[in-house]
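Peer 1: Below is a structure I'd like to ask you about.
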Amino acid sequence: MTLTVIGTGVGRTGTYSLKLAINQLGAGPCHHMEEVLHNMPDQVPLWSAALAGQPDWQAIYNGYLSAVDWPTAGFFRELLNTYPTAKFILTHRSSESWADSFGSTIFKLISERDQAPPEMKEWLEMAAAVIAKSGFPEGLDRDGLIQAFNAHNEAVKNTIPAEQLLVYQVKEGWDPLCKFLGKPVPSGPFPRSNDRAEFWDRVAGKT
């Protein structure tokens, strides 16, 4: 198995909805940070090694045909080199709404990781390092987050060949995604998931 679809959008840009949509279209199984959370003993050391410059992409993505969200989004340059024929999807939203959502969920979680249960700390340290690698170090204020978000999106657009990249908002629904992936449009609604309340439930293992 090899990755054929790679998401370059950071967390809180609809990546969980995109994961569900990709799976529904038959382009999965799709890797997402949730997969890391559910398989920390195997996944966290692999991603920590990738951060140290020793990635084993085959082991990380074993069993997956696609990947979205962090940690994947922090390695889009490396993944383009490893999977040069893959299709890439940049999920985005307004930078202001993203900063508010990210600041009240993921950024809050990693900034308070010293209070987390011991079994979560290695995962949170890895996540914080991936997020910092993506241009979002701890301590950024709202304006800094907005600037970093725009910079990440521009870096993706400047790195991935245009013919391999879909710049996409999940509110656009099925049509652009299915056209890009060469899949028929499903009859049912596009999946909508992972609002802020769901985020905290997912981290707590309630979903």
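Peer 1: Taking the condition open to solvent by 20 Å² or more (accessible area, probe 1.4 Å) and within 15 Å of the chain's Cα centre (by Cα), does Met40 pass? Please lay out each step first, then the result.
Peer 2: Details: open to solvent by 20 Å² or more (accessible area, probe 1.4 Å): yes; within 15 Å of the chain's Cα centre (by Cα): no.
The answer is no for Met40.
Peer 1: While we're looking at this one, here's another question. Find the residue count for region 124-173, including only residues that are of a type in the set (Lys, Arg) and farther than 24 Å from Ala50 by Cβ.
Peer 2: In the first step, residues of region 124-173 are kept if they are of a type in the set (Lys, Arg); the result is 133, 142, 157, 171.
This time we only want the ones that are farther than 24 Å from Ala50 by Cβ, so: 142, 171.
Adding up the residues that qualify gives 2.
Peer 1: Now, a different point. Picking from Ser94, Ser111, which residue would you name as being free of Cβ contacts under 8 Å to residues at least 60 places away in the same chain, in contact with an Asp or Glu (Cβ under 7 Å, 6 or more places away or on another chain) and open to solvent by 50 Å² or more (accessible area, probe 1.4 Å)?
Peer 2: Values: Ser94 fails: in contact with an Asp or Glu (Cβ under 7 Å, 6 or more places away or on another chain).
Selected residue: Ser111, the only one of Ser94, Ser111 that is free of Cβ contacts under 8 Å to residues at least 60 places away in the same chain, in contact with an Asp or Glu (Cβ under 7 Å, 6 or more places away or on another chain) and open to solvent by 50 Å² or more (accessible area, probe 1.4 Å).
Peer 1: Within region 138-173, can you find the residues that are outside any helix (DSSP H, G or I) and exposed (fewer than 13 other Cβ atoms within 10 Å of the Cβ)? Explain how you work it out, then say what you get.
Peer 2: Start the filter on region 138-173 by keeping residues that are outside any helix (DSSP H, G or I), which leaves 138-141, 160-161, 165-169, 173.
Selection gives Glu138, Gly139, Asp141, Pro161.
Peer 1: Is it true that Glu122 is open to solvent by 80 Å² or more (accessible area, probe 1.4 Å), touching a residue at least 60 places away in the same chain (Cβ under 8 Å), charged (D, E, K, R) and closer than 27 Å to Leu3 by Cβ?
Peer 2: Values: open to solvent by 80 Å² or more (accessible area, probe 1.4 Å): yes; touching a residue at least 60 places away in the same chain (Cβ under 8 Å): yes; charged (D, E, K, R): yes; closer than 27 Å to Leu3 by Cβ: yes.
So Glu122 passes the test.
Peer 1: For residues that are open to solvent by less than 20 Å² (accessible area, probe 1.4 Å) and of a type in the set (S, T, N, Q), scanning just region 1-33, find the one that is farthest from Ser101 (Cα to Cα).
Peer 2: Here the residue is Thr8.
The values are calculated or read from the model by the stated rules, or taken from the named source; none is laboratory data. Fair warning: this is a prediction, and the values are worked out from it, not measured in the lab. Note that each Cβ is placed from the backbone with ideal geometry, even for glycine, and that neighbours are counted across all protein chains shown. These area figures cover heavy atoms from the full protein model, side chains too; ligands, DNA and RNA do not enter into them. Shrake-Rupley method; radii C 1.70, N 1.55, O 1.52, S 1.80 Å.
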